[in-house]
Amino acid sequence: MLALAVDLTKNPSFDWHAFAPEIALVGTILAVLLADLIWPGRSAFQTSRIASIGVLISLIPVLTLAQDGVNRSSFGGAYMVDNYALALKAFFLIATYVTILISVNYIGEGDYYQSEFYFLLLTSVLGMTVMASARDLISIFVALETISIPTYVLAGFRKHDRKSNEAGIKYYVIGAVSSALMLYGMSFIYGVTGSTLLSSIAEALSGNPDGTALVAVGVFLSIVGFAFKVSAFPFHWWAPDTYEGSPSPVTAFLSVASKAGGFVALLNIIFFGFHAQPNTYWWVVVWFLAAASMTWGNLGALKQTNIVRMLAYSSIAQGGFMLVPFAAYGIATRGAGTNAADVAVSAFQSVVIYLLVYGVMNLGAFAVVIAIARRTRSGEISSYDGLFSYSPGLAVIMSLFLASLAGIPPVAGWFAKFTMFRAAIEAGGGWGVSLALIAGVNSVIAAFYYLNVVRSMWFKPAGADAVAAKTPAPLSAAIAICTVGVVAVGVYPQIFGKIAELVTTAG
């Protein structure tokens, strides 16, 4: 053992370039943590500047790794850096940068501890970047908990607000239950396959049909655990209250980056591990989760009078739309489709595209919500009445984001919906077609509550106290970035289409 240790010190095989984004993030986290010692007090300016610059610096090695074009494997294949991982790392970092822009004035003007806020935010993002490369059950679980634990604290960051306390407690309790279920399911899979490596699991499942019942239990429990993380029905209970009670920038972060982290974990598990075991019928569970989440989320959003709760239920429904390609792939593996390999590629691309588009449009919508709330001090949809008459810019931009969420051309949401429908239809059979029909009906339902807000902004009279909203420069920058993204991708969808094509070369 001693000889081995000495040999390892003489022949290091650690790929520093592959881990450069995470190393840069760790450095940023330490700098933010120490900022209070250098600048005592609660200065949001210094800590937010360090956090934003650090996130941008972390993007540089992502770009150099992409330029290098070499797939890098570490720890026996448990950690991969390929096109798929790099695209998602870039997405998480950019989404975090926008979140920081949204947070600067909100956190700086409130009764918050600045360094702690950005420390927790960046720690969660570190888990997301690791998740993008994780190809092992243990690394996936550790990454997912690194994402989740800081967000439990962030959800309850308004310590003197009962709703925020309730949000944090609900999120923590349900998150802990989901983690336990997921880990229990993973233990079954390890017991049958003898490995935690996803590639080895896939090989064991395809070459040995024994233990199918135990694998089915393990897969079921693992998927249920992930369903909690992505707020899929019927494991969505925490989402509306947590979204409403959390600080608004945290809500934006939870709805986009944190949710995407859960979906990336599900992508890794299913497409790199469970795909070789179609006899477990895992896709039936995902089919139900997709159909129920779409329907319950949209019906719940219809009756909401608070914009944040409406977007919370919308997030549940959007998660259902994102689950459709997973089910489509499972349907194809059962022989319902004509070409399972082609459907697998289409489904994989669809999930990635939907994640990217959803991130841009939902972050933008929450940024506008924060901008309007600075004037009205209200999250009620009625406070949006007549917005176009006194703040036409925000009204137009919010209309674009809501139209995108509804999937209305020419903004980006239509492309995400198109790829989702294509995956379901290509899967074929009654299961695939019926899921596409359910998604179509739910898209129409969603248009009602999205366009209801648009109607309030454009056609209802403004209140007597209506004044033009003053939007701080960082928040305006965040809104501008998301607006450009939504319009550019909607008009020229090949931007995300090319990225999706690249990620399918992942190993």
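Data for the structure
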quantity: Top-ranked residue in segment 377-407 [being among the β-branched types (Val, Ile, Thr) and touching a residue at least 60 places away in the same chain (Cβ under 8 Å); ranked as surrounded by the most Cβ atoms within 10 Å (Cβ to Cβ)]; calculated: Ile397
quantity: Residue match in segment 94-105 (condition: surrounded by 24 or more Cβ atoms within 10 Å (Cβ to Cβ) and more than 21 Å from the chain's Cα centre (by Cα)); calculated: yes
quantity: Residues within segment 102-153 that are assigned to a helix (DSSP H, G or I) and acidic (Asp, Glu), tallied; calculated: 3
quantity: When residues of segment 135-148 are limited to those that are crowded, with 24+ Cβ neighbours inside 10 Å and under 16 Å from the mean Cα position of the chain (by Cα), the one nearest to Ser255 (Cα to Cα); calculated: Ile147
quantity: Selected residue [crowded, with 24+ Cβ neighbours inside 10 Å, modelled with pLDDT under 90 and either within 29 Å of Leu214 (Cα to Cα) or hydrophobic (A, V, I, L, M, F, W, C) (or both)] from Gly261, Gly335; calculated: Gly261
quantity: Index of the failed condition, Glu22 passing every other in (1) among the charged types (D, E, K, R); (2) surrounded by fewer than 14 Cβ atoms within 10 Å (Cβ to Cβ); (3) modelled with pLDDT of 90 or more; calculated: (2)
quantity: Residues located in segment 155-192, provided they are closer than 22 Å to Met131 by Cα and among the β-branched types (Val, Ile, Thr); calculated: Ile174, Val177, Ile189
quantity: Residue in segment 187-218 that is modelled with the highest pLDDT, counting only those that are in a helix (DSSP H, G or I) and of a type in the set (Ser, Thr, Tyr); calculated: Ser187
quantity: Of all residues making up segment 57-71, the number that are farther than 15 Å from Ala87 by Cβ and either modelled with pLDDT under 85 or surrounded by fewer than 16 Cβ atoms within 10 Å (Cβ to Cβ) (or both); calculated: 2
quantity: Restricting segment 73-93 to residues that are more than 18 Å from the chain's Cα centre (by Cα) and among the small types (Gly, Ala, Ser), the residue that is farthest from Leu356 (Cα to Cα); calculated: Gly76
quantity: Residue list for segment 181-200, filter: of a type in the set (A, V, I, L, M, F, W, C) and free of Cβ contacts under 8 Å to residues at least 40 places away in the same chain; calculated: Phe188, Val192
quantity: Residue tally, condition closer than 15 Å to Ala344 by Cβ and assigned to a helix (DSSP H, G or I), over segment 426-436; calculated: 3
quantity: Flag if Ser179 is within 22 Å of Ala232 (Cβ to Cβ) and in a helix (DSSP H, G or I); calculated: yes
quantity: Condition met for Val177 (surrounded by fewer than 24 Cβ atoms within 10 Å (Cβ to Cβ) and in contact with a Gly (Cβ under 6 Å, 6 or more places away or on another chain)); calculated: no
quantity: Test: residue in segment 398-419 that is more than 24 Å from the chain's Cα centre (by Cα), closer than 30 Å to Ala328 by Cβ, at pLDDT 85 or above and of a type in the set (Gly, Ala, Ser); calculated: no
quantity: Selection within segment 296-306 - touching a residue at least 24 places away in the same chain (Cβ under 8 Å) and over 20 Å from the mean Cα position of the chain (by Cα); calculated: Leu299, Gly300, Leu302, Gln304, Thr305, Asn306
quantity: Residue match in segment 285-302 (condition: aliphatic (A, V, I, L, M), in contact with an Asp or Glu (Cβ under 6 Å, 6 or more places away or on another chain) and either closer than 20 Å to Gly225 by Cα or modelled with pLDDT of 85 or more (or both)); calculated: no
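The values are calculated or read from the model by the stated rules, or taken from the named source; none is laboratory data. None of these values were measured; they are calculated from a predicted model. Glycine also receives a Cβ, built like all others from the backbone with ideal geometry; neighbour counts cover every protein chain displayed.
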